[in-house]
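Everything below concerns the one structure shown next.
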Amino acid sequence: MVEPVTLPDPTMPDFSGWTCPLPLRDHPNVVMGHGGGGQMSGELIEHLFVPAFGNPVLAGLTDSAVLELGGARLAFSTDSFVVQPLFFPGGSIGHLAVNGTVNDLAMSGAQASYLSCGFILEEGVELSVVAQIAADLGAAAEHAGVTVVTGDTKVVDAGHGDGVYLNTAGIGLVPDGIDIRPQRARPGDVVIVSGLIGVHGIAIMSVREGISFGTEVVSDCAPLNGLVAAMLAVARDVHVLRDPTRGGVATSLNEIAKAAGVGIELIERDLPIPETVANACSFLGLDPLYVANEGKLLAIVARDEAEEVLAAMRAHPLGGDAAVIGECVPAHPGMVVTRTAFGATRVVDTPIGEQLPRIC
Amino acid sequence: MKYLDEFSDPELAKRLVDQIHATTTKSWAMMEVCGGQTHTIVRHGIDQLLPDGVEMIHGPGCPVCVTPLEVIDKALEIAAQPDVIFCSFGDMLRVPGSERDLFRIKSQGGDVRVVYSPLDALRVAQQNPDKQVVFFGIGFETTAPPNAMTVYQAKKLGIPNFSLLVSHVRVPPAIEAIMQSPDCRVQGFLAAGHVCSVMGTAEYPELADKYGVPIVVTGFEPLDILAGILRTVTQLERGEHTVENAYQRAVRDEGNPVAKAMLADVFETTDRSWRGIGMIPQSGWRLSERYREYDAEHRFQVADITTQESTVCRSGEVLQGLIKPHECEAFGTLCTPRNPLGATMVSSEGACAAYYLYRRLQTPEVVTSGG
């Protein structure tokens, strides 16, 4: 028996997707928190973008989409870059634009092959600045082994941009037999981080806010495709990879826990946090678990493969400080907790919007 | 970091915990005054390590939490005006006023900026002589000296376009108000170490005597807190009630004379409302007559704004230590950090937010947010 079908009236808003707690309820305008990578970003995607153009591929909401095309399995991803300042210790927006997209593809196990690049320039920006960014972008592409094959340039009126915005998109092949996605995390799996956390965010903050922390903090911005290849060479069944950029390690692990329906338990004293980052966070009232990284990855692997993967990571220049920081557990599904140095536990939540410095 | 890492050592912490267990023979309820201390206790799970009889009541010492709704509404009114640059510490931006918060003002075109020091706001004023620059001066005796210094500098340098929206509060009158509450259960205090590093300890012996409570000046790292608890329990077990300084690396009895002189010059005491608690006589500071021209409340004529607090929110009882955050009906359901009803849910130093962020596993009756 065929049910009569009522076509939705496209002129009417569809409230059925607006589940409690009502998203965006308290903000009729876009606020900075919508771009922070936390709960507010998630709600914007879930309740505004997905209803508008959702489809089975998008539904995974992973860093890159994995597609079948002409018999090949492709990973495809895009990322936009609005960082201030444009140049920072350890890199520039040009390096970020290449590495960000290369890394998003690598988190599906794909080797990035081709990138597109869009420049949105503000009227009045010095051409020497644009030239330096373009040179950095070219150098980063060569270093990562990708080719920038198409691009676009737009100019906006003075005051309508922040100097230079970049967008890149990239494609790469996913090797046969590789199935890396957040849903594959299982209780008993081990959580590994590839190195020291919180470095990029603090490097940016130190120049943006004019705060110095004794020693200069240099961004960890780097392409992770080589490290991923080294890991897959010893263990093709890596379950999950994630680069904990905006929102930091805490946000990425919460996304994985929710997607896979597992709990994640971290051991606080095993978290590799450099002293400068710890000091800066203590000073500013921030938590290193929520600070951005641009050259680190989180890997979730079966326990019996952990040692091999860890050894392969430590043998790679970008994985020398790789460490096991926790495990997936059947308890508290969807939730990340950490065991403190004193033996107590606390919840590590998804941030709401941007992390705010505490007053004192 | 030196003076921090040494005070987080798990082995030493265990020894202190053992000593607390060995010392405790009865049930005791003590209050840590400062929100920073609450944050440390809940983040590290220190209260989970204490003997069953030792209860920590989380005090009203979070500057964000106790700033009255009325002042927030005044801030929002000022920040929404054209030609105003409104500067604030970060965690004030999300505190809900009656209808909106500073984030929304910013998204609607208001110039709202996060600064790390009030002197940064003064620099903004120098760089923007055609704008009115307002700094949101809230907090306890700790944030008051730099704010006083900023107003002093503005006057000295002749920067007419700077002003301060002041809602400063003082700890000793709050301790007095808590002790006078008929429902008061507090038997001892961990005093806020950084407040004492400014003001010294001279205000406390009278309170300790009058109410028969030990007052132990306590720092903010895990070992500091445990040492403060141990000294308080020891006094309680012995039936003593003196003022002790367990934070000698930062606090001298006389405090910081330079900061105190600056406070005395720029501010004068005034009655002040505390969010969730109500008016406490002489518990606040406002700009003194000499500096009145730098008072944003007068400059922008918002003095007559008055607002009521949410009736569902029980932050007042939380701030007075009468209930624990998860005992409020709205906790975790109507009221979350995403949609806070009261300021105790906003700042990570607020008791409700600390419980929500770190404690949901231990409060299984709480329905976690599906959003």
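Rule-based calculations on the coordinates, nothing more; no lab input. What you see is a predicted model; the values in this text were computed from it and never measured. Neighbour counts are summed over all protein chains in view; Cβ atoms, including those assigned to glycine, are modelled from backbone coordinates with ideal geometry.
Tabulated data for the structure shown
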quantity	calculated
Electrostatic dipole magnitude of chain A [Cβ: Lys, Arg +1; Asp, Glu -1; Cα centre; debye, to 20]	520 debye
Most mobile of B:C62, B:C184, B:C313 in a GNM of chain B (Cα contacts under 10 Å)	B:C184
FRET efficiency for B:Y152 and A:A229, using Cβ-Cβ distance with R0 set to 45 Å, rounded to 0.05	0.15
For A:V191, distant residues with modelled amide H under 5 Å away	A:I325, A:G326, A:E327, A:C328
Selected from A:G37, A:G161, A:G138 as most flexible by GNM, with chain A as the system and alpha-carbon contacts under 10 Å	A:G161
About the Cα centre, charge dipole magnitude for chain B (Lys/Arg +1, Asp/Glu -1 at Cβ), debye	660 debye
Computed [θ] at 222 nm, deg cm²/dmol, chain A (DSSP H ≥ 4; -39,500 (n - 2.57); rounded to nearest 500)	-8000 deg cm²/dmol
Amide H contacts under 5 Å for B:I323, placed H, 5+ residues apart	B:V318
Partner chain coverage, peptide A:332-343 - average Cβ within 10 angstrom	4
Highest-MSF residue in chain B out of B:T269, B:T232, B:T311 [GNM, Cα springs under 10 Å]	B:T311
Shielding of B:100-109 by partner chains, average beta-carbon count, 10 Å	4
Distance-filtered residues of region B:15-55 - backbone nitrogen under 14 Å, label point 7 angstrom along B:L322 Cα→Cβ	none
Compactness of region A:63-173 as Cα Rg over 2.2 N^0.38 Å, two decimals	1.09
B:A261-B:D83 pseudo-label distance in nm [points 7 Å out on the Cα-to-Cβ vector]	3.9 nm
For region B:35-66 versus region B:85-137, the gap between their alpha-carbon centres in whole angstrom	30 Å
Extended-chain gain in nm, criterion 0.36 nm per residue less alpha-carbon gap, A:D157 and A:D179	3.4 nm
Electrostatic dipole magnitude of region A:182-348 [Cβ: Lys, Arg +1; Asp, Glu -1; Cα centre; debye, to 20]	340 debye
Calculated from backbone phi, Karplus (6.51, -1.76, 1.60) coupling profile of region B:70-81 in Hz, x at Gly/Pro	4, 5, 4, 4, 5, 4, 5, 4, 5, 5, 7, 6
Helix-only mean residue ellipticity at 222 nm for chain B, each DSSP H run of n ≥ 4 adding -39500 (n - 2.57), per residue, nearest 500	-10500 deg cm²/dmol
Amide H contacts under 5 Å for B:E55, placed H, 5+ residues apart	B:W28, B:A29, B:M30
Derived scalar couplings ³J(HN,Hα) [region B:161-174; Karplus, 6.51 cos²θ - 1.76 cosθ + 1.60; whole Hz; x for Gly, Pro]	8, 9, 8, 10, 8, 9, 9, 6, 10, 10, 6, x, x, 5
Signed unit charges on C-beta, dipole axis of chain A, positive-most listed residue A:G118, A:G319, A:A72	A:G319
Whole-Hz ³J(HN,Hα) from phi, Karplus 6.51 cos²θ - 1.76 cosθ + 1.60, for region B:179-192, glycine and proline x	5, 7, 5, x, 8, 4, 10, 6, 10, x, 10, 8, 6, 6
Counted charge near A:M335, where neighbours are those whose Cβ lies closer than 15 Å (Asp, Glu -1; Lys, Arg +1)	+1
Proximal aspartates and glutamates to A:K258, defined as alpha-carbon separation beneath 19 angstrom and excluding residues fewer than eight positions away on the same chain	A:E43, A:E46, A:D63, A:D179, A:D189, A:D243, A:E327, A:D349
